[in-house]
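J.: Here it is: the structure, laid out below.
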Amino acid sequence: MTAPTTAARKGGRWIERWDPEDETFWRESGEKVARRNLLFSVLSEHIGFSVWTLWSVMVLFMGPEYGIDPAGKFSLIAVATLVGGIVRVPYTFAVARFGGRNWTVLSASMLLLPTIAAAFVMEPGTSYTTFVLVAVATGVGGGNFASSMTNINAFFPLRKKGWALGLNAGGGNVGVPVVQLVGLLVIGTAGAAHPRIVLGVYIPLIVVSAVCAALFMDNLAPVRNDTGAAREAVKDPHTWIMSFLYIGTFGSFIGYSFAFGLVLQTQFGRTPLQAASLTFIGPLLGSLIRPVGGSLADRFGGARITLWNFAAMAAASGVVLYASVQKSLPVFLAGFIALFVLSGLGNGSTYKMIPGIFQAKAVARGLGGEEAAAYGRRLSGASMGLIGAVGAIGGLGINLAFRQSFLTAGTGTAAFVAFLAFYAACFAVTWAVYLRSAPRARPTGRQMAAERPAPVYAEV
């Protein structure tokens, strides 16, 4: 395998040959190129997450003069969550259609639309319908995650995917606390009457991320949309099982990120400044630990890390539930921040499981070497967009649960009961599907196929 050849065609930089599983290729040229693309992918995804979660900050600026009650504010952040989940599906396939570099440039540039629109409408007297439409437009930022993860998945070998995907997603997730920190700085210095300053910070950053993608990223010519793989992934039960588990990890992370500040204001009577000073902590820690979750999964197996992570999330939900009933803000903060940290850890471990599951299926069918790796890349790439979309839509469930809980009881207690039950279900599914029948010693692919119809996934 020679060094990657970069050619200018179809309007961008294209690498014609790419074989990351070849250790010589990886060592001599592939790793350097992959890391460069990872760096600027993180930058673009980071800004995308900030724009997607923009309304978690904007609602903190919306005082009584805006005439919007807490349920209306939860609805604003819910529609942004929903659209961000839905657009992940087409964004996944856009990478192969247009090229990872080309699509990153375009998707980053598209973030200007909702940001500039928000700058025009953020003032008392604007109709609620207008706010909803602008919140819908911010959903395009959620799609950047899917295209970025699909792109980076193709650049790295299986043995590095947990680390690379965890770092890519974690760096993107940090966009959530960063926009909240920017909001805190604005509220703390200029006051809650100046939301446009936040938007003025992000407009030039969006331009920078698009320009950097154009200058420093590459398209991989071997990456092609495979409609057969997409159909196979949709029919595969593991795609839907992992979608369910990803609701528990990423759905929790993004749902809590949108709702945390509003819960503090509504249930604990915090002012915008007090809420903003606390809101960023959980998303920041959850984002930073996501690569750790991927690395732990690389070392110990994603299924094992995911299993015990869900047990810990159920326990943390119990702490938050207790604090909600007792109206204890310190205990509530401790439990809620623990939920953020654990959701970030689980994000890394569940995403590591995806390529491992499909490669394990290939081994169970008697495939080996590059043939098994190619099958794993093909199916995992096709399934990632769907899994990411369903997981993100899970964040909608978080926000709707809070909305209903506050409408009916005035607190989030009922929502926390539901979250605890859901994490218990995720624990049970992880154990039953991926760990229950795992032997002590890992068998060969032929042994696995002979002993049971489905492969063993304890070490994925």
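J.: All other residues with a Cβ under 11 Å from the Cβ of Ile152 taken together, and with Lys, Arg as +1 and Asp, Glu as -1, what is their net charge?
T.: Neighbour charge sum, excluding Ile152 itself: +2.
J.: Once amide H atoms are placed 1.01 Å from N in the peptide plane, what residues at a sequence separation of 5 or more from Ile15, or on another chain, have their amide H within under 5 Å of its amide H?
T.: Long-range HN contacts for Ile15: Ala7, Asn219, Leu220, Ala221.
J.: What is the local net charge at Leu396, summed over the other residues whose Cβ is closer than 13 Å to its Cβ (Lys, Arg +1; Asp, Glu -1)?
T.: That works out to +2.
J.: Could you tell me whether segment 141-184 comes out rounded, prolate or oblate from its Cα gyration tensor? Rule is a ≥ b ≥ c as square roots of the eigenvalues, rounded for a/c under 1.5, then prolate if a/b exceeds b/c, otherwise oblate.
T.: Oblate, since a/c reaches 1.5 and b/c is not below a/b.
J.: Heavy atoms only, probe 1.4 Å: what % of the accessible area of the chain goes to carbon and sulfur, would you let me know?
T.: 66 percent
J.: Please report, largest first and rounded to whole Å, the three semi-axes of the ellipsoid equivalent to segment 57-171, where each semi-axis is the square root of five times an eigenvalue of the C-alpha gyration tensor.
T.: Equivalent-ellipsoid dimensions as semi-axes: 33, 15, 11 Å.
J.: A follow-up question, please. Provide the net charge surrounding Ser380, with neighbours chosen by a C-beta distance below 11 Å and charges set as Lys +1, Arg +1, Asp -1, Glu -1.
T.: So the surrounding residues net to +4.
J.: Tell me, rounded to the nearest percent, the portion of alpha carbon pairs in segment 155-217 spaced more than 18 Å apart.
T.: 56 percent
J.: For a quick protection proxy, order the peptides 168-181, 244-257, 322-335, 263-276 by their average other-Cβ count within 10 Å, most packed first.
T.: Most protected by this proxy first, the peptides run 244-257, 168-181, 263-276, 322-335.
J.: Shifting gears a bit: Once you have the alpha carbon radius of gyration of the chain, what is it after dividing by 2.2 N^0.38 Å, with N set to its residue count?
T.: That ratio works out to 0.96.
The values are calculated or read from the model by the stated rules, or taken from the named source; none is laboratory data. Remember, predicted model here, so these are calculated numbers, not experimental data. FYI the Cβ positions are ideal-geometry reconstructions off the backbone, even for glycines, and counts take in every protein chain you see. With ligands, DNA and RNA removed, areas are computed over all heavy atoms of the protein, side chains included. Shrake-Rupley method; radii C 1.70, N 1.55, O 1.52, S 1.80 Å.
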